[in-house]
Amino acid sequence: MRHLLLICILSLMFVSGCDNSSDNLNHQKEAPKITDSIETITVQFGDGNNMTISNKDQVKYIIDQIRSYTFESVDKPLSVGQHFFLKLGNQQYLSTGYLTYDGTYYKVKDTDEQKVLQLNNYIINIGKEKFPSLLGG
């Protein structure tokens, strides 16, 4: 009888331990939306230069581009280093295609990587207007 009880307990532990559905749900989490209330974007470049973008058209363009991306949640960034990161209210966007919010990372899906490069060039060009030798010239 004790062996039967032990087998039942071990079986339940094994079955409940194999259910990873909650982990899978975490990876399907939708990226948080960037709010309309952002009026300025702080940019910190990898070479140490910082600037604030306050031109309404530029801010709108940047936010619209990031909103157009499809993101998926990831445990951590798979790439290191970046040309810059953007401070968007309580979120950060990295030039490597990651959005961070409340300790969670979201990666741009591969299908949007060309859009990421276009946005990177746009932001770097704005930065070069202020810092001609930005990121090594």
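Read-outs throughout are calculated quantities, based only on the coordinates presented, and are distinct from any laboratory measurement. Computed from a predicted structure; not experimentally measured. Using ideal geometry, Cβ is built from the backbone for each residue, glycine included, and neighbour counts are taken over all protein chains shown.
Shown here for region 100-137: trypsin sites (Lys or Arg not before Pro) in loop regions (DSSP other than H, G, I, E, B) with at most 12 other Cβ atoms within 10 Å, namely Lys109. Of all lysines in the structure, the ones whose alpha carbon falls short of 23 Å from that of Lys33, not counting any fewer than 8 places away in one chain, are Lys56, Lys60, Lys76, Lys87, Lys107, Lys109, Lys115. What nm value, rounded to one decimal, do you get for the distance between Tyr122 and Asn90 when each label is placed 7 Å out toward the C-beta? For the pair Tyr122/Asn90, the computed spacing is 2.6 nm. Relative to its Kirkwood radius, the Cα radius of gyration of region 34-92 gives an Rg/Rh of 0.98. Relative contact order (percent) for region 88-132, with alpha-carbon contacts under 8 angstrom and 6 or more residues of separation? Worked out over region 88-132, it gives 24 percent.
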